[in-house]
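See below for the structure under consideration.
The values are calculated or read from the model by the stated rules, or taken from the named source; none is laboratory data. What you see is a predicted model, and the numbers here were worked out from it, not measured in a lab. Methodologically, a virtual Cβ is constructed for each residue, glycine included, from the backbone with ideal geometry; neighbour enumeration extends over all protein chains shown.
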């Protein structure tokens, strides 16, 4: 298979760190890495230029890491709460996505790109969750997220326990149960006569 050698200008997940020379497929380089300025072709001139910039890159890396660690310490005690419309069994109408979490962090004064918020899948049920925010390649912070229903609606587990405790919550008219049993008995008798 044909590969292209590129020099990474930024950290790329599952590929490499800034300043590394990596081999990738030509289409990935041409269509994704190069247009987004995440990498440059690894020509001898570009390699020399990056080597000259390496000291500045190391300082920048150390500064970004210390900033991320400071922000992580500030965000350590942070807790996010979302109030959404909820259906019958605790399922949300819609979901809570990485974009919603990034917007909530922005409202609290933390500027975090939504791509740095790692969710396996959007949150679609009420409850407590833990979301990982990647502030730096080596610095992650876990933020507890609570999703509740509008107006303090019960979660699925709470709704099930409350209905299990009071099974007679639906009132039937007097004699309604007996009428149902009689109709069922008459239908069974008619079916046995026809057989």
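Here are some notes:
- The one condition in (1) surrounded by 12 or more Cβ atoms within 10 Å (Cβ to Cβ); (2) closer than 17 Å to residue 136 by Cα; (3) free of Cβ contacts under 8 Å to residues at least 60 places away in the same chain that residue 62 fails to fulfil: (1)
- Near pairs, Cβ below 6 angstrom, 6+ apart or cross-chain, from the range 84-112 (within 28 Å of residue 134 (Cβ to Cβ)) to any residue that is assigned to a loop (DSSP other than H, G, I, E, B): 95/122; 97/122; 98/119; 102/112; 105/112
- Residue identified as within 15 Å of residue 144 (Cβ to Cβ) and out of contact with any strand residue (DSSP E or B) (no Cβ under 8 Å at 6 or more places or on another chain) among 77, 103: 77
- Only a single criterion out of (1) at pLDDT 90 or above; (2) assigned to a strand (DSSP E or B) is not satisfied by residue 93, namely (1).
- Among the residues of the range 124-146, those that are under 13 Å from residue 68 (Cα atoms) and outside any strand (DSSP E or B) comprise 137, 138.
Here's the yes/no breakdown for (1) more than 26 Å from residue 9 (Cβ to Cβ); (2) out of contact with any helix residue (DSSP H, G or I) (no Cβ under 6 Å at 6 or more places or on another chain); (3) surrounded by 12 or more Cβ atoms within 10 Å (Cβ to Cβ):
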site	(1), (2), (3)
73	yes, yes, no
90	yes, no, yes
104	yes, yes, yes
111	no, yes, no
115	no, yes, no
121	yes, yes, no
126	yes, yes, yes
147	yes, yes, yes
